[in-house]
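Below: the structure, in structure tokens.
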Amino acid sequence: MTRTFNVAILGASGYTGAELVRLIATHPSIRIAALTADRKAGQSMGEVFPHLRHLDLPVLTTIDAVDFSGIDLAFCALPHATSQEVIAKLPRTLKVVDLSADFRLRDPAVYAKWYGHEHLALDLQAEAVYGLTEFYRDEIKGARLVAGTGCNAATGIYAILPLLRAGVIDPEMIIIDLATGVSGAGRSPKEGSLHSEVSEGFHAYNVAKHRHLAEFDQEFTRAAGREVQVTFTPHLLPQNRGILATVYVRGEAEAVHKALADAYADEPFMVVLPLGEAPATRHVRGSNFVHLGVIADRRPGWVMVFSTLDNLTKGSSGQALQNANLMLGLPETAGLMAAPLFP
């Protein structure tokens with residue numbers, strides 16, 4: 001009989017926490033043993049998220065009230081700059097998947113530059129493995145702490161990293177034009193996330209200074225073996241879920257398409273469309289799948305690469321569960337093979 005693993009979700013009252021609960025609810029080998037949400041402690045998950053009312057779940061509590069002695073793994077779905085202090089206080093025998101930005105950047109100086117303060121758990125940062133499953137699978141299997149990627153970062157990296165590794169594009173000419181759904185901003189009330197501020201509109205944000213640029217720099221420089229900096233412009237879509245990146249690169253469309261197809265041939269969640277087709281966010285909604293497309297530009301030597309995923313699933317909570325499966329020795333796809341929601 002397969003062992004059942006107990007997990008805790010720290011910060012369960014946010015979107016990524018709710019998405020983790022939704023995914024784990026049908027997982028054959030993982031049981032949710034604790035849910036925390038300090039400001040909503042004492043409430044049921046069904047009160048906070050009525051769409052989860054049918055599930056038999058622990059009552060929300062504070063982190064300090066959790067007995068971690070029977071917990072195998074904790075998902076940390078807390079705000080940025082909060083996770084590092086919380087995780088530092090957890091038992092060192094506990095496996096952790098962090099969904100915040102606190103452990104994504106390997107260089108502490110780079111972290112301080114982009115996040116505006118010194119890292120408060122340098123020993124943990126040194127051991128953290130970047131949670132891009134398809135590229136760091138072996139390291140994730142043996143890790144105690146895995147740092148989930150940024151959702152925008154993952155969308156762009158999936159499109160570009162294999163191309164840099166294969167040497168089929170010019171590292172000096174990479175432009176990422178990306179649009180993301182509003183849920184990427186989290187559940188906390190913000191003026192810019194109000195329906196009347198977002199609906200019937202489309203705008204760029206954090207132009208030339210988005211923090212996910214640091215992840216692009218880190219991963220692309222490592223892949224290319226030389227410094228690589230990209231142009232990245234994120235836009236806010238008037239929809240709840242989904243990210244679509246259009247990437248402009250210098251290369252040949254056939255070679256670019258082949259590099260992606262070869263890199264992801266055996267990956268269960270990566271779908272490379274036939275050459276000449278572009279993906280859509282509605283075709284991955286609510287799933288752990290990534291769809292990639294390649295189209296030759298009318299100008300010789302220019303190629304458009306498209307990448308789309310659900311920011312709450314493959315871009316965050318689904319990726320976290322995929323990594324947790326590896327860390328616990330479970331099938332990587334467990335709990336994650338549900339088809340996208342359509343329409």
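The values are calculated or read from the model by the stated rules, or taken from the named source; none is laboratory data. Everything numeric in this text was worked out from a predicted model, so none of it was measured. No Cβ is skipped: glycine too gets one built from the backbone with ideal geometry, and neighbour counts run over all protein chains shown. To get the accessible areas, we keep the full protein, side chains included, count just its heavy atoms, and leave off ligands, DNA and RNA. Shrake-Rupley method; radii C 1.70, N 1.55, O 1.52, S 1.80 Å.
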Sorting check: for 93-99, 222-228, which peptide has the highest mean count of neighbouring beta carbons within 10 Å, and how do the rest follow? 93-99, 222-228
If I fit a long axis through the Cα atoms of helix 318-327 and take the longest principal axis of the Cα atoms of the chain, what angle between them do I get, 0 to 90°, rounded to 10? 70 degrees
Report, to the nearest whole %, how much of the accessible area of the chain belongs to carbon and sulfur atoms, 1.4 Å probe, protein only. 51 percent
With charges set only on the Cβ (+1 for Lys and Arg, -1 for Asp and Glu), what does the dipole of the chain come to about its Cα centre, in debye to the nearest 20? 400 debye
What dipole magnitude, in Debye to the nearest 20, does region 238-342 give about its Cα centre under +1 on Lys/Arg Cβ and -1 on Asp/Glu Cβ? 400 debye
What is the helix-to-structure angle for 15-24, meaning the angle in degrees between its Cα long axis and the longest Cα principal axis of the chain, kept from 0 to 90 and rounded to the nearest 10? 80 degrees
Kindly rank 105-117, 165-177 from highest to lowest mean number of other beta carbons found within 10 Å of each residue. 165-177, 105-117
Using the heavy atoms of the protein chains alone and a 1.4 angstrom probe, what is the accessible area of region 201-305 per residue in square angstrom? 47 Å²
Classify region 72-204 as rounded, prolate or oblate from the Cα gyration tensor: take a ≥ b ≥ c as the square roots of its eigenvalues, call it rounded if a/c is under 1.5, otherwise prolate when a/b beats b/c and oblate if not. oblate
With unit charges on the beta carbon (Lys/Arg positive, Asp/Glu negative), name the residue among Ala154, Gly181, Thr61 whose Cα is farthest towards the positive pole of the charge dipole of region 59-191. Thr61
Determine the calculated [θ] at 222 nm for the chain from helices alone, applying -39500 (n - 2.57) to every DSSP H run no shorter than 4 residues and normalising by the residue count; nearest 500 deg cm²/dmol. -8000 deg cm²/dmol
Could you sort out which of Lys113/Lys209; Lys113/Lys314; Lys89/Lys209 sit more than 22 Å apart by Cα distance in this structure? Lys113/Lys314; Lys89/Lys209
Shape of region 203-326, Cα gyration tensor, a/c cut at 1.5: rounded
Give the share of C-alpha pairs in each 10 angstrom bin for the chain, from 0 to the last occupied bin, in whole percents, shortest bins first. 6, 26, 35, 24, 8, 1, 0
Suppose each label sits 7 Å from its Cα in the direction of the beta carbon; what would the Lys141-Arg222 distance come out to in nanometres? 1.8 nm
Once you have a ≥ b ≥ c as the square roots of the Cα gyration tensor eigenvalues for region 256-298, tell me rounded if a/c is under 1.5, and otherwise prolate or oblate according to whether a/b is larger than b/c. oblate
Furthest towards positive pole of dipole, Val129, Ala224, His51, structure part the chain, Cβ charges: His51
Please report, in debye to the nearest 20, how large the charge dipole of region 68-193 is about its Cα centre when each Lys and Arg carries +1 at its beta carbon and each Asp and Glu carries -1 there. 340 debye
Can you tell me the orientation of helix 253-263 relative to the chain, as the angle in degrees between its alpha-carbon axis and the longest Cα principal axis, to the nearest 10? 30 degrees
Volume per residue, Å³, of the convex hull around the alpha-carbon atoms of region 154-222? 109 Å³
